[in-house]
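The values are calculated or read from the model by the stated rules, or taken from the named source; none is laboratory data. These numbers come from a predicted model, not from an experiment. For neighbour counting, all protein chains shown are included, and Cβ atoms are generated from backbone atoms with ideal geometry for every residue, glycine included. The area values use the complete protein model at the heavy-atom level, side chains included, leaving out ligands, DNA and RNA. Shrake-Rupley method; radii C 1.70, N 1.55, O 1.52, S 1.80 Å.
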Amino acid sequence: MRRLFDDELADLDSSFTEMGELVAKTIKAAVQSFIKHDRDGARGIIDNDYKINEREAALEKKTFEMIALYQPVTTDLREIVTILKAVSVLERMGDQARNIATSTIRVKGTKHILSIEKQLGEMGELVATMVSEVMSYYVKNDALGSEAIAAKNHQLSNAAALIRTEAVKGMKEDPELVDSAADYLVIAGYIKRIGDYTTDIAEWIVYKRTGKIIELNPGYNYFI
């Protein structure tokens with residue numbers, strides 16, 4: 001029975017990390033579609049959103065089945081609970097990527113601020129890296145590494161605040177930039193939310209490793 005449980009838990013871990021990498025790639029692609037004004041790419045992200053949702057449903061079903069069948073305790077139970085909680089967070093990250101793609105399709109502004117679009121691209125790269133890193137920390141059972149995610153999320157907050165300042169300045173200086181600048185504020189908000197979700201997963205990894213519930217993200221600072 002123990003061997004069967006270990007095999008199923010290994011499969012669960014593998015499926016969970018694969019979902020994390022899929023989400024990271026989707027986020028990066030969504031941000032790139034926005035800054036490149038690639039509506040076809042954005043439609044592809046929206047069309048494939050179901051893949052993330054299906055993975056979440058399958059993983060949740062598997063965790064419930066394993067809890068019911070094997071009745072795990074202590075560290076085994078914490079590992080399964082961590083996955084159960086974290087997959088829903090990954091799915092919400094996927095929703096934010098879809099929101100970015102939706103914004104790309106409906107964007108109306110004809111004038112753009114290239115410096116802000118460059119910053120948004122950098123934010124997208126950073127948050128996608130954060131998602132990949134937090135999944136690596138899960139695999140390594142690295143609680144200290146997970147806590148370091150909070151520092152990167154603070155960096156993401158600073159970048160979002162800078163974009164807000166520059167976007168508002170652009171609106172004031174040129175009325176034709178109002179639509180584009182408003183979109184920049186929205187996209188920066190979506191990316192920042194993804195960063196907040198990443199720290200949520202980091203908190204669950206700390207719980208998996210130590211059994212302690214901690215707060216790495218005290219209050220969602222959406223800034224808009």
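Key figures for this structure:
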{"read-out": "Test: residue in segment 69-86 that is open to solvent by 60 Å² or more (accessible area, probe 1.4 Å), within 15 Å of residue 45 (Cβ to Cβ) and part of a helix (DSSP H, G or I)", "value": "no"}
{"read-out": "For residue 54: the one exception among (1) charged (D, E, K, R); (2) farther than 21 Å from residue 186 by Cβ; (3) in contact with a Lys or Arg (Cβ under 6 Å, 6 or more places away or on another chain)", "value": "(3)"}
{"read-out": "Odd one out for residue 165, checked against (1) of a type outside the set (D, E, K, R); (2) under 20 Å from residue 17 (Cα atoms); (3) surrounded by fewer than 13 Cβ atoms within 10 Å (Cβ to Cβ)", "value": "(2)"}
{"read-out": "Selection count where residues are charged (D, E, K, R) and touching a helix residue (DSSP H, G or I) at 6+ places or on another chain (Cβ under 6 Å), scope segment 165-182", "value": "1"}
{"read-out": "Only one of 34, 16 that is at pLDDT 95 or above, in a helix (DSSP H, G or I) and crowded, with 18+ Cβ neighbours inside 10 Å", "value": "16"}
{"read-out": "Residue, surrounded by the fewest Cβ atoms within 10 Å (Cβ to Cβ), within segment 110-124, restricted to residues that are assigned to a helix (DSSP H, G or I), touching a residue at least 60 places away in the same chain (Cβ under 8 Å) and in contact with a helix residue (DSSP H, G or I) (Cβ under 7 Å, 6 or more places away or on another chain)", "value": "121"}
{"read-out": "Residue within segment 71-78 that is closer than 22 Å to residue 186 by Cβ and either out of contact with any Cys (no Cβ under 8 Å at 6 or more places or on another chain) or modelled with pLDDT of 95 or more (or both) present", "value": "no"}
{"read-out": "Residue tally, condition open to solvent by less than 30 Å² (accessible area, probe 1.4 Å) and either at pLDDT 95 or above or farther than 21 Å from residue 97 by Cα (or both), over segment 136-152", "value": "4"}
{"read-out": "Given (1) without any contact (Cβ under 8 Å) to a residue 24 or more places away in the chain; (2) out of contact with any helix residue (DSSP H, G or I) (no Cβ under 7 Å at 6 or more places or on another chain), index of the condition residue 58 fails", "value": "(1)"}
{"read-out": "Residue match in segment 196-209 (condition: of a type in the set (S, T, N, Q), modelled with pLDDT of 90 or more and open to solvent by 30 Å² or more (accessible area, probe 1.4 Å))", "value": "no"}
{"read-out": "Hits in segment 171-189 - residues which are of a type outside the set (A, V, I, L, M, F, W, C), part of a helix (DSSP H, G or I) and open to solvent by 10 Å² or more (accessible area, probe 1.4 Å)", "value": "172, 173, 175, 176, 179, 183"}
{"read-out": "Qualifying residue in segment 91-101 (condition: in contact (Cβ under 8 Å) with a residue 24 or more places away in the chain and more than 17 Å from residue 197 (Cα to Cα))", "value": "yes"}
{"read-out": "Lone unmet requirement of (1) more than 21 Å from the chain's Cα centre (by Cα); (2) at pLDDT 95 or above; (3) open to solvent by 30 Å² or more (accessible area, probe 1.4 Å) for residue 39", "value": "(2)"}
{"read-out": "Residue in segment 153-162 that is farthest from residue 106 (Cα to Cα), counting only those that are of a type in the set (S, T, N, Q) and open to solvent by 30 Å² or more (accessible area, probe 1.4 Å)", "value": "155"}
